[in-house]
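The values are calculated or read from the model by the stated rules, or taken from the named source; none is laboratory data. Note that the structure is a prediction, hence the values are computed from the model and not measured. Note that each Cβ is placed from the backbone with ideal geometry, even for glycine, and that neighbours are counted across all protein chains shown. With ligands, DNA and RNA removed, areas are computed over all heavy atoms of the protein, side chains included. Shrake-Rupley method; radii C 1.70, N 1.55, O 1.52, S 1.80 Å.
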Amino acid sequence: MKMIVGLGNIGPQYDGTRHNTGFMVVDAFAKEHGIDLTTRKMDAKYGTGIVNGEKVLVVKPTTFMNESGRAVHPLMQYFKIDLDDIMVVHDDMDLPVGRIRLRNHGSAGGHNGIKSIIAHVSDQKFKRLRVGIEHPQQHSVVDYVLGKFTKDQALLFNQATDQAVAALDDWLSGTEFTQLMNQYN
């Protein structure tokens, strides 16, 4: 079984914001594959399904972003999922809107959701699918990430979402991760 975790903040005031990029991507993935994210346990909403012959657990933590690890670690233990079988989808200010980047492991890079997961699982070696939201030009970082995409950015973000869902599909089909990075980065 593999686990896909989308990072975001709970509450309607955060719907559609740049910081909820991870939620939006996993919602699109779940919708495409008919996976209902309706089970609520262990500080998360989740659902399971079979995609490309692989059983998958799709997760949206119901904690705030900086506490995401509180949901991820217990689910890993409950479902007996190895760290190598986890993909975390999150926003990245260091990438332009419309770009995605896969990483096999690494530091949190200043992302509080990733920091929390690293702290709870005691390791940095889990896969990430980073989705660009761009660095703010004239806004404070907090206002920017908690704001919504502009009309032009929304078009690019929708393309990135489609690309991210395709990358997740390829990962679940068993494509070698190095090949995925070469294809999508």
Residues of segment 1-52 being free of Cβ contacts under 8 Å to residues at least 60 places away in the same chain, over 23 Å from ASN112 (Cβ atoms), part of a loop (DSSP other than H, G, I, E, B) and not hydrophobic (A, V, I, L, M, F, W, C), which ones?
-> HIS33, GLY34, ASP36, THR38
All-but-one check, LYS55 against (1) modelled with pLDDT of 95 or more; (2) surrounded by fewer than 19 Cβ atoms within 10 Å (Cβ to Cβ); (3) part of a helix (DSSP H, G or I), failing number (3)
State whether one or more residues within segment 53-76 are over 14 Å from the mean Cα position of the chain (by Cα) and free of Cβ contacts under 8 Å to residues at least 12 places away in the same chain.
-> no
Options PHE157, PHE126; residue that is more than 24 Å from PRO12 (Cα to Cα), open to solvent by less than 60 Å² (accessible area, probe 1.4 Å) and aromatic (Phe, Trp, Tyr) | PHE126
